[in-house]
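Asks: The following block contains the structure, expressed as structure tokens.
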Amino acid sequence: MLELKKIFSGYGNDLVLQGLSLAVRRGEIVGLLGRNGMGKTTTLKSILRLNDLHAGTITLDGQEISRLAPFQIARLGVVYATQEAKVFTDLSVRENLLLVGRKTTGDTSEFQMIFSKLEERLAQKAGTLSGGEQQMLALARVFLANPQYALLDEPMEGLMTALLPAVAALVAELKSQNAGVLLAEQSPQRALKLCDRILILDKGRIVAEHQAAAVSLSELQRALTL
């Protein structure tokens, strides 16, 4: 289990998270739902120590990781997909995938199965892909890294409608492979479709938790406007 307890973190002296606590278990998708500026991205960055942690503890399967360097946390199987696609633009799509180095040994069939729209682009330089296709490539690298826990920062935001099913399939596949997924999301509709549990984040704190199967869209929408 990935667990955050009473986290106070932010950027310098600017504290964004104000005592946040949450947990993600293997094989479940937890949605972190909130408006812009409420701390979704800061939560994900805090797990990988990409900002300033002032107080609180973070544990991964019982091991405290609060004082580890980002690369050490990544080596434990925590993979982060940022809002902005992070790909090596001068390398081909295939080379970007091979750099992951875990599942990929030259065989990209798993990638092609989920991201069939890029199947014919494997030899193409990543920098020549559209923004949405680069985002898909970045997400494919998360999948192929075989994560224990995947931190996804609004992976569907800004994508054209035709690409959304592929991203949803990737998130579901991560769960089927027993990865824990923490999904930052603005859309309550998408959160309901994708997640097992939904956490409502407001001003750096979790203010509500819902089982996705037991909460309505109107309830989530109302919680986001309080």
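Asks: Can you pull the three principal axis extents for the Cα set of the range 115-207, in Å, largest first?
Replies: 46, 27, 21
Asks: Sticking with this structure for a sec: ³J(HN,Hα) across the range 21-35 via Karplus (A = 6.51, B = -1.76, C = 1.60, θ = phi - 60°), whole Hz, x for Gly/Pro?
Replies: Coupling constants for the range 21-35: 9, 6, 9, 10, 9, 4, x, 9, 10, 10, x, 9, 9, x, 6 Hz.
Asks: Determine the principal axes of the Cα atoms in the range 157-226, then give the extent along each, sorted from largest to smallest and rounded to whole angstroms.
Replies: If we take the Cα atoms of the range 157-226, the spans are 33, 28, 24 Å.
Asks: Out of LEU68, LEU224, ASN146, whose Cα points farthest toward the positive end of the dipole of the chain (charges: +1 Lys, Arg; -1 Asp, Glu; placed on Cβ)?
Replies: LEU68
Asks: Taking neighbour counts of Cβ atoms within 10 Å as a proxy for exposure, in what order, fewest first, do PHE8, PHE143, PHE71 appear?
Replies: PHE71, PHE8, PHE143
Asks: Can you tell me the relative contact order of the chain? Whole percent, Cα pairs under 8 Å, sequence separation 6 or more. Could you put the intermediate results ahead of the total?
Replies: Details: 444 pairs, mean separation 66.2, N = 226.
RCO, the chain: 29 percent.
Asks: Here's something else I'd like to know. In whole Å and largest first, what semi-axes does the C-alpha gyration tensor of the chain yield when each eigenvalue is scaled by 5 and square-rooted?
Replies: Working: eigenvalues 161, 84, 50 Å².
Semi-axes (√(5λ), whole Å): 28, 20, 16.
Asks: Multiply the residue gap between THR57 and ARG26 by 0.36 nm, knock off their C-alpha separation, and tell me the result in nm, one decimal place.
Replies: Details: separation 31, 0.36 × 31 = 11.16 nm, distance 1.90 nm.
Length gained, THR57 through ARG26: 9.3 nm.
Asks: Distance between Cα centroids, the range 147-164 to the range 175-226: provide it in whole Å.
Replies: 15
Asks: For the range 182-199, just list the computed ³J(HN,Hα) in residue order, Karplus coefficients 6.51, -1.76 and 1.60, θ = phi - 60°, integers in Hz, with x standing in for Gly and Pro.
Replies: So the J values, rounded to whole Hz, are 10, 10, 6, 8, 9, 8, x, 4, 5, 4, 5, 6, 9, 9, 8, 10, 10, 9.
Read-outs throughout are calculated quantities, based only on the coordinates presented, and are distinct from any laboratory measurement. In this text the structure is predicted, and so the values were computed from the model without any measurement. For neighbour counting, all protein chains shown are included, and Cβ atoms are generated from backbone atoms with ideal geometry for every residue, glycine included.
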